[in-house]
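Worksheet: the structure to be examined is printed underneath.
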Amino acid sequence: MREGLQFAGWQSQGARDYQEDSWTWHSRRAANDVSPSGLLVVLADGMGGHRGGAQASRTAVQGFIQAFNESEAPISSRLQAALDRANAQIGRESAEDPELAGMGCTLVAANFAGDGLSWISVGDSPMWLVRAGELHRLNEDHSMTPLLQAQVDAGLIAAEDAARHPQRNALRSALTGDPVELVDLSPQPKALEPGDRILLASDGLETLDEDEILAIANAGPDAPSDQLAEKLVAAVDEKARPGQDNTTVVVVSPYLGTGIVSRGTTTPRRSAMMLAAAVALAAAVIAVWYFVARGPASEQIKADEAPAADEVAPASGPEPTRTEDADSPDSSGN
């Protein structure tokens with residue numbers, strides 16, 4: 001196995017009839033670079049209905065990548081400028097089309113460079129570090145949940161009341177085209193170590209508690225990123241929670257590399273349950289399929305096809321696609 005950076009993403013619609021999450025990436029990593037550098041991953045969770053939410057998240061991740069790549073400023077300045085560009089683009093599109101009025105999204109972006117990991121985020125899409133058997137939340141949560149937890153810690157409300165509070169998932173900050181109330185920008189790059197994994201996700205993953213997430217993500221140093229991303233999303237689907245939100249998970253293993261990039265289908269949970277039944281009836285056939293054919297549920301770039309310098313992926317949506325054109329940051333998987 002070639003050392004280097006490995007990452008993968010997986011999506012599910014959950015119980016929804018549409019997908020409002022998007023994610024994309026840009027690689028600036030040379031083929032012979034074994035350091036965990038040269039990758040930008042951006043994930044957004046849309047809101048505003050079927051069309052508006054999907055449009056907002058696509059616009060945000062594509063606009064962010066484009067703005068980041070156009071700048072030569074220090075990383076923190078590039079992250080902030082890219083966020084501002086994405087927010088402004090959402091505002092313009094919302095103003096131009098009445099059907100998109102009120103659309104918006106969360107956003108979390110992670111940049112891997114030689115001096116470590118830098119990030120920027122708005123909203124409640126989480127990013128965790130898995131290190132030495134522990135799970136650490138890296139970015140701030142801009143929902144009402146932390147404020148309710150503070151009231152619990154102060155003895156003002158009961159934990160049960162906070163868990164049932166109707167506004168616990170309400171956002172205090174999001175990209176809507178208006179001035180952004182809260183932004184979490186990493187104060188300095190966070191050094192990464194061999195064995196680290198970074199998880200970026202939409203809040204659909206938080207159907208699992210942190211112990212459940214860690215049990216899957218802490219699978220050992222050789223576990224491929226694509227398998228972990230798929231297992232995390234599958235664990236959410238297995239909960240079969242009524243009204244389950246879209247779930248997107250991106251796993252980055254900075255020092256583990258075969259160059260795999262996978263994107264799962266956005267099949268609704270009911271289809272996933274049917275697939276599970278088929279697997280139970282034909283486990284041997286599915287095992288052969290998994291290791292030999294893999295099928296349309298994911299796309300892979302093998303080690304000898306690892307992301308080259310200045311390669312840009314299309315935004316991932318209902319129909320994951322692969323681009324070979326590094327000059328097409330605005331292409332879409334929808």
Computed over the Cα atoms of the stretch 182-250, the Rg and Dmax in Å are 13.7, 40
Potential extension, residue 81-residue 69 segment - 0.36 nm per residue separation minus Cα distance: 3.3 nm
For residue 159 and residue 18 in the same chain, what is the full-extension length gain: residue separation times 0.36 nm, less their Cα-Cα distance, in nm? 47.5 nm
Which residue, chosen from 110, 142, 40, occupies the Cα position most advanced towards the positive end of the dipole of the stretch 36-164, where the dipole is computed from +1 (Lys, Arg) and -1 (Asp, Glu) charges on Cβ about the Cα centre? 40
Based on the Cβ-Cβ distance from residue 115 to residue 181, what FRET efficiency comes out when R0 is 25 Å, to the nearest 0.05? 0.25
Can you tell me the relative contact order of the stretch 45-159? Whole percent, Cα pairs under 8 Å, sequence separation 6 or more. 21 percent
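Each reported figure results from applying straightforward, stated rules to the coordinates on display, with no laboratory input. None of the values given here were measured: they were computed from a predicted structure. Neighbour counts run over all protein chains shown; Cβ positions are idealised from the backbone, glycine included.
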